[in-house]
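Chemist: Sharing a structure below in structure tokens format, with a few things to ask.
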Amino acid sequence: MTANLLDGKKIASEIRENVARRAEELKARGVVPGLAVILVGEDPASKVYVGQKEKACREAGFKSDLLRLPESTTQEELLSVIGRLNADPSVHGILVQLPLPSRIDPEAVIAAIDPAKDVDGFHPVNVGHLVSGVPGMVPCTPLGIVRMLESYRIPLAGKHAVIVGRSSIVGKPLAHLLLARDCTVTVCHSRTQDLAYFTRQADVLVAAAGRPKLITADMVKPGAVVVDVGINRLESGLAGDVDFEAVREVAGWITPVPGGVGPLTIAMLLENTLAAATRSLQ
Ligand code: NAP
């Protein structure tokens, strides 16, 4: 059996068209959704991500401001830029591209963003909302994963979801989103003993560790839904965390890399920004 593909690119493009339509309607009511993206320094991968986000904003008819700050930027200077954006009514979303130079404390920077404009969903207020099941801004990658599974009508209630990775950006928020959809959730990490013991039990297996080919075919239950979040830059090109060619012969559904979770992440950033802009009218 060869697994069905979860085509993130296709789902993301449908979502983006829908966002563009809703942005048009909002414009007719006098509001142009605005996203400010802050990039500190010259990290090559960050530059690529920021470029993709800017392009997506333009295509959706948003106003997008990219603020490029030098590597030498101090925490104080960055906090002052955020303060200015918090006060600017034409900016509905603020995104600080991570990682930041080591001199700057990312927690302090995230905490300085107005939670209503925190389109990445990393602010402690939004984390609290997610954990307690209150509507708020939800991190884009886990939100995109859930949207993709729902678009393909993958049943979640009562299923065992095993997440490999416990970061605040992917693993932990995804665990809460899946719990809210009645999954039984197991979160694995680098100290998990016998990872394969857990992954083999997964009806839905999400790999978000940043380790190429961590998930091999013998670690996957036949028919499982396998979501590969990993983006590993190898000499041979981009690779996920899943040994795609071997695992697709065992799994029931699988995401490719690229073209799986990545495009959904950007689509959810647009949705979060549009939602913030819409709320600004209320
Ligand atoms: P991260 O902060 O480095 O977290 C990685 C997690 O994986 C940690 O919890 C770590 O455990 C765990 N881990 C590492 N090696 C492991 C192993 N051998 N076995 C089990 N667990 C292991 O990374 P992240 O930000 O969550 O990102 C994860 C991957 O997703 C990266 O490749 C990243 O580029 C990609 N990503 C993709 C998107 C997208 O849009 N597609 C978005 C975000 C991230 P410990 O906690 O014990 O260290």
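Chemist: From the list SER64, SER80, which one is open to solvent by 40 Å² or more (accessible area, probe 1.4 Å) and modelled with pLDDT of 95 or more?
Modeler: On the way: SER64 fails: open to solvent by 40 Å² or more (accessible area, probe 1.4 Å).
Among SER64, SER80, only SER80 is open to solvent by 40 Å² or more (accessible area, probe 1.4 Å) and modelled with pLDDT of 95 or more.
Chemist: Being within 26 Å of PRO101 (Cα to Cα) and in a helix (DSSP H, G or I) is the filter here; which residues of the stretch 47-73 pass it?
Modeler: Matches in the stretch 47-73: LYS47, VAL48, TYR49, VAL50, GLY51, GLN52, LYS53, GLU54, LYS55, ALA56, CYS57.
Chemist: From (1) in contact with a strand residue (DSSP E or B) (Cβ under 7 Å, 6 or more places away or on another chain); (2) under 17 Å from ILE254 (Cα atoms), pick out the condition that doesn't hold for ASP218.
Modeler: (1)
Chemist: Let me ask you something else. Show the residue pairs meeting these rules: Cβ distance below 8 Å; 6+ apart or different chains; first residue within the stretch 127-148 and closer than 18 Å to ALA208 by Cβ; second residue hydroxyl-bearing (Ser, Thr, Tyr) and assigned to a helix (DSSP H, G or I).
Modeler: CYS140/THR265; THR141/THR265; GLY144/THR265
Chemist: Within the stretch 150-195, work out how many residues are farther than 23 Å from ALA12 by Cα and basic (Lys, Arg).
Modeler: Number of matching residues: 3.
Chemist: Here is a list of conditions, (1) away from the ligand (no atom under 14 Å from the Cβ); (2) in contact with a Lys or Arg (Cβ under 7 Å, 6 or more places away or on another chain); (3) open to solvent by 10 Å² or more (accessible area, probe 1.4 Å), and ILE266 meets all of them except one; can you say which number that is?
Modeler: Every listed condition holds for ILE266 apart from (1).
Chemist: Any residue that is of a type in the set (A, V, I, L, M, F, W, C), assigned by TED's automatic domain parsing to the domain that holds ASP241, closer than 19 Å to MET268 by Cα and away from the ligand (no atom under 16 Å from the Cβ) - is there at least one of those in the stretch 155-177?
Modeler: Checked against the condition, which is being of a type in the set (A, V, I, L, M, F, W, C), assigned by TED's automatic domain parsing to the domain that holds ASP241, closer than 19 Å to MET268 by Cα and away from the ligand (no atom under 16 Å from the Cβ), the stretch 155-177 yields no hits at all.
Chemist: Looking at (1) in contact with a helix residue (DSSP H, G or I) (Cβ under 6 Å, 6 or more places away or on another chain); (2) within 15 Å of the ligand (Cβ to nearest atom); (3) not in a loop (DSSP other than H, G, I, E, B), which one does GLY259 not meet, given that it meets all the others?
Modeler: Failing condition for GLY259: (3).
Rundown of residues vs (1) farther than 22 Å from THR74 by Cβ; (2) outside the structural domain of ARG68 (by TED's automatic domain parsing); (3) in contact with a Ser or Thr (Cβ under 8 Å, 6 or more places away or on another chain), yes/no style:
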position	(1), (2), (3)
SER90	yes, no, no
PRO101	no, no, yes
HIS123	no, yes, no
VAL127	yes, yes, yes
VAL131	yes, yes, no
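Chemist: Moving to a separate point now. Name the single residue that is surrounded by the most Cβ atoms within 10 Å (Cβ to Cβ) among those in the stretch 184-216 being part of a loop (DSSP other than H, G, I, E, B) and more than 10 Å from the ligand (Cβ to nearest atom).
Modeler: ALA202
Chemist: Please find, within the stretch 165-183, the residue that is least open to solvent (accessible area, probe 1.4 Å) out of those that are over 18 Å from ASP228 (Cβ atoms) and aliphatic (A, V, I, L, M).
Modeler: ALA180
Chemist: All but one of (1) of a type in the set (Val, Ile, Thr); (2) farther than 25 Å from LYS63 by Cα; (3) not assigned by TED's automatic domain parsing to the domain that holds LYS47 hold for VAL119, so report the exception by its number.
Modeler: (2)
Chemist: Another question, then. What number of residues in the stretch 217-229 are more than 15 Å from the ligand (Cβ to nearest atom), touching an Asp or Glu at 6+ places or on another chain (Cβ under 9 Å), open to solvent by 20 Å² or more (accessible area, probe 1.4 Å) and outside any helix (DSSP H, G or I)?
Modeler: 2
The values are calculated or read from the model by the stated rules, or taken from the named source; none is laboratory data. Keep in mind that what you see is a predicted model, and the values were worked out from it rather than measured. Counting neighbours? That spans all protein chains shown, and the Cβs are built from the backbone with ideal geometry, glycine included. Accessible surface areas use protein heavy atoms only, side chains included; no ligands, DNA or RNA. Shrake-Rupley method; radii C 1.70, N 1.55, O 1.52, S 1.80 Å.
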